[in-house]
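Each reported figure results from applying straightforward, stated rules to the coordinates on display, with no laboratory input. Note that the structure is predicted; figures quoted are calculated from it, not measured. Cβ atoms come from the backbone with ideal geometry, glycine included; neighbour counts cover every protein chain shown.
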Amino acid sequence: MPEASILVRDLSKTYDKGSVLAVDKVSFEVKPGELFGLIGADGAGKSTIFRILTTVLLADSGTAHMAGFDVVRDYRKIRNLVGYMPGKFSLYQDLTVRENLEFFATVFGTTIDANMDLIKDIYDQIKPFSGRRAGKLSGGMKQKLALCCALIHKPAVLLLDEPTTGVDVVSRKEFWEMLKKLKAQGITIIVSTPYMDEAKLCERIALIQNGRIMSVDTPVNIIKSYPGKLFAAKSNDIYKLLKDFRAHPEIESCYAFGDYIHITLKDPSSSGLEVLNRIAMENNHSNVQIKEIKPGIEDSFILLMSQQKDLVQLTTTK
Amino acid sequence: MEEKVIVCKELTKRFGDFYAVDKISFDVSKGEIFGFLGANGAGKTTAMRILCGLSYPSSGDALVAGFSVRNQQESIKKNIGYMSQRFSLYENLSILENIEFFGGVYGVSRKEIKDRSYKLVGELGLQKEAKKMVGSLPLGWKQKLAFSVSIFHHPKIVFLDEPTGGVDPVTRRQFWDMIYDASASGITIFVTTHYMDEAEYCNRISVMVDGKMEALDTPGNLKTKYGSDSMEDVFYKLARAAKRTGD
C-alpha cells in the first residue's frame with residue numbers, strides 16, 4: 001500500500017451565504033503514515049475540513065491535496081483512496097452487519113475476503129452479531145462496524161470524525177489501541193476529537209477553535225512552548241480558593257482542573273509559590289497545597305484561546 | 001439531619017430477563033453535586049429516566065423531591081429541571097422566547113418571567129443576542145443558556161445528562177461555575193459526564209457497572225479505596241470488569 005500525505009493550504013469555507021465562517025484559512029500537512037489529530041470543540045470546523053478532504057463539500061477558497069490528488073479536480077481518484085467514518089452513524093440501519101460490509105466492499109469493487117487481513121482484529125469482535133441489523137447494535141459495536149466499513153477497500157488515508165465522542169473511558173482506550181495497529185500497517189490517519197487527553201496519543205496535532213488552527217505541532221512541542229510557569233493548588237474549600245485567586249490582581253488566569261486549580265501569574269519573575277501561599281493565607285484557607293506543575297494539552301489550549309481574544313469576541317457577537 | 005432530595009431504594013428496571021437497572025439504592029442531599037457515572041450500557045440512562053418520571057420501575061421505589069416514581073410522576077416533573085447534550089432549546093425561537101416558553105410550561109408567572117428574563121440574559125452576557133434565534137448561537141452558549149432555562153423555575157433538582165459533551169475547555173469550566181452557583185443556591189445537581197476531570201468537581205460520585213451501583217463515595221475516598229491517583233483510573237478499574245457492552 002503506498003503511503004499517502006495530506007496537504008491543506010489556506011482553506012476557507014462559509015455557510016449561509018457567507019454569514020457563518022466555518023473554516024478560516026486553515027493550513028496543515030499530514031505526513032505519509034502519520035497519526036494526526038484535529039483537536040477542538042464542536043463547531044470548531046473539524047467536520048467541515050473532513051468533508052472537504054473527502055470531496056463531499058467544496059471549499060470557498062484554498063486548496064487541499066490527498067496523496068498528491070487535488071480534492072476538486074481529482075475527486076474520483078480520492079474517493080477510492082480514502083476511508084471515511086463520519087461523526088454521525090451513517091451505515092444502513094436495516095442491513096445486517098455482514099450486508100453492510102458486503103455493500104461497501106462491492107461499491108469499491110472488492111470483496112470482504114480480499115481485505116480480511118486488515119479488518120480481522122476489529123471484525124472478530126462484531127462477528128458474533130454478523131446477522132444482526134446495524135440499527136440494533138450497541139454504540140460500541142456500531143463504531144467497530146463503521147470502522148470495518150471504512151477500511152474494507154484498504155484505503156491509503158483514513159479519516160475519522162470524532163470516533164470517540166460520547167464513548168466511555170474503557171471503550172475509548174480500546175479504540176485508540178485499534179488505531180495504533182492500523183497505523184502500524186502504514187495507513188495515514190487523521191482523527192478529530194473534543195477530548196484533549198486523546199491529543200497525546202497522536203504523533204502531531206492541530207488545535208482548532210472557531211475555524212482557525214491555533215497551533216500545529218507534536219504534543220510534546222506544544223507543551224514545551226507553554227510560556228511561563230503553571231501552578232496547581234487545592235485547599236479544604238476549593239471553590240472558594242478558585243474565587244479568591246481569580247479576584248486577586250497578581251493572578252493572570254485561574255481555572256478548575258480536576259481536583260486541583262491551575263493558576264498562572266502576571267509577573268513571571270515573582271516567586272509563584274510564595275505569592276500563591278500568601279494569597280491563600282490572607283483568605284484563611286486551610287490544608288493548602290500548592291506546587292509547580294507541567295502543563296498539559298488542555299492548559300495549552302486554554303491559553304491559546306485566551307490569547308485569541310478576537311475569537312472570543314466572534315463567538316459573542318455572532 | 002440533612003434534607004434528602006432523592007431517596008432511591010432497590011430501584012430495578014427489567015426488560016424481559018435483562019436487568020437494565022438492578023436494585024440500586026442511594027440518597028442525594030439538598031444542594032449536593034452528585035456525579036452519576038458508568039460505562040455505555042451500564043444503565044445510567046434508564047435509571048435517570050425513571051428518576052425524572054419518564055419511565056416506571058419494575059420494582060423498588062425512589063422519592064424524588066418527596067414524590068414517588070411509582071405513582072407521582074407528574075409532581076416529580078414539576079419539581080425538577082432537565083437538560084441534555086441533545087435536548088436543547090427551540091432553535092427557531094429567540095433567547096427571550098425560549099425563556100418565556102419554558103418558564104410558562106413550568107408555571108412561572110408572566111410577571112416573574114418578564115422581570116427575571118432580562119436579568120438572566122444580562123448575567124449570561126447575551127444582551128445583544130436576546131432577540132436572536134437560539135440556533136445561531138455557538139454550542140457553548142446554547143448549553144449555558146439551556147442550563148439557565150432548566151433551573152429558571154427554581155426546581156429542587158436538576159438532571160444534567162452529559163451537559164458539556166463536545167464543549168470547548170474554557171466554556172466547559174464556565175459551565176461548571178454555573179453548576180457551583182446553582183448548588184450554592186440550594187439546587188441539587190444530578191450530573192452524568194464522560195470527562196473524568198469533571199467527576200472531581202462533584203461532591204460524591206457513583207459508578208454503575210452492569211446495572212448495579214458498584215461504587216459511591218467522594219472522589220477523594222474513591223481514589224484512596226482503589227489505590228488510584230485519578231478518577232479516570234478509578235473508573236477504568238471499575239468499568240473494565242463490566243460484562244455488558246453498548247448503549
| Karplus 3J(HN,Hα) series, Hz, for region B:66-75 with 6.51 cos²θ - 1.76 cosθ + 1.60 (x for Gly, Pro) | x, 10, 7, 6, 7, 9, 10, 4, 5, 5
| request: Please identify, among B:G104, B:G35, B:G53, the residue showing maximal mean-square fluctuation in a Gaussian network model of chain B using a 10 angstrom Cα cutoff. | output: B:G104
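Could you compute the longest span of chain B free of trypsin sites (Lys or Arg not before Pro) located in DSSP loops and having at most 12 other Cβ atoms within 10 Å, not counting the site residues? Mind showing how you got there, number by number?
On the way: sites that count: B:R86, B:K131, B:R240, B:K243.
The longest such stretch corresponds to B:132-239.
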| For region B:2-71 and region A:94-134, what is the separation of their C-alpha centers, rounded to whole Å? | 39
| said: Which aspartates and glutamates, if any, have their Cα less than 16 Å from the Cα of A:K77, not counting same-chain residues under 8 positions apart? | reply: A:E3
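Just the number, please: percent antiparallel of the DSSP beta bridges in chain A, rounded to the nearest 5.
65
In the protein assembly as shown, what percentage of the DSSP-assigned beta bridges are antiparallel, given to the nearest 5?
Working: 55 of 90 bridges.
Expressed as a percentage, antiparallel bridges in the protein assembly as shown total about 60.
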| note | Ordered by fewest other Cβ atoms within 10 Å, a rough proxy for footprinting exposure, A:E174, B:E74 read B:E74, A:E174
| query | What spacing in nm lies between the two simple spin-label points modelled at A:I293 and B:K212, each 7 Å away from Cα in the Cβ direction? | reply | 3.4
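Roughly how crowded by other chains is peptide A:169-180, in terms of the mean Cβ count from those chains within 10 Å of each of its Cβ atoms? Show your work: numbers first, answer last.
Details: counts 12, 11, 7, 1, 3, 0, 0, 0, 0, 0, 0, 0.
Partner Cβ neighbours, averaged per residue: 3.
Can you tell me, using C-alpha contacts under 8 Å and at least 6 residues apart, the relative contact order of chain A as a whole percent? Could you put the intermediate results ahead of the total?
On the way: 570 pairs, mean separation 62.7, N = 318.
Across chain A, relative contact order equals 20 percent.
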| chymotrypsin sites (Phe, Trp or Tyr not before Pro) restricted to region A:158-258 and DSSP loop, no more than 13 other C-beta within 10 Å | none
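Take peptide B:190-203, look around each residue's Cβ out to 10 angstrom, count Cβ atoms belonging to other protein chains, and average those counts. Present the calculation step by step, with values, prior to reporting the outcome.
Values: counts 0, 0, 0, 0, 9, 6, 3, 8, 2, 2, 7, 6, 0, 0.
Whole-number average of other-chain Cβ neighbours for B:190-203 is 3.
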| note | Quick calc: nm separation of the 7 Å Cα→Cβ label points for A:N80 and B:Y118 -> 6.6
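With both bridge residues required to lie in chain B, what share of the DSSP beta bridges run antiparallel, to the nearest 5%? Show your work: numbers first, answer last.
Numbers: 21 of 39 bridges.
Antiparallel: roughly 55 percent of the beta bridges in chain B.
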| field | Among A:Y255, A:V288, A:N277 - extreme Cα towards positive end, dipole of region A:227-294, charges at beta-carbon | value | A:Y255
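At 222 nm, what helix-only mean residue ellipticity would the protein assembly as shown give, in deg cm²/dmol to the nearest 500, using -39500 (n - 2.57) for each DSSP H run of four or more?
Values: 20 runs with 201 residues, N = 565.
Rounded to the nearest 500, it is -10500 deg cm²/dmol.
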| task | Using only Cα atoms, find the angle between the long axis of helix A:169-184 and the longest principal axis of chain A, and express it within 0 to 90 degrees, rounded to the nearest 10. | result | 60
| task | Just list whichever of A:K25/A:K291; A:K180/B:K243; A:K13/A:K136 have alpha carbons separated by over 28 Å in the model shown. | result | A:K25/A:K291; A:K13/A:K136
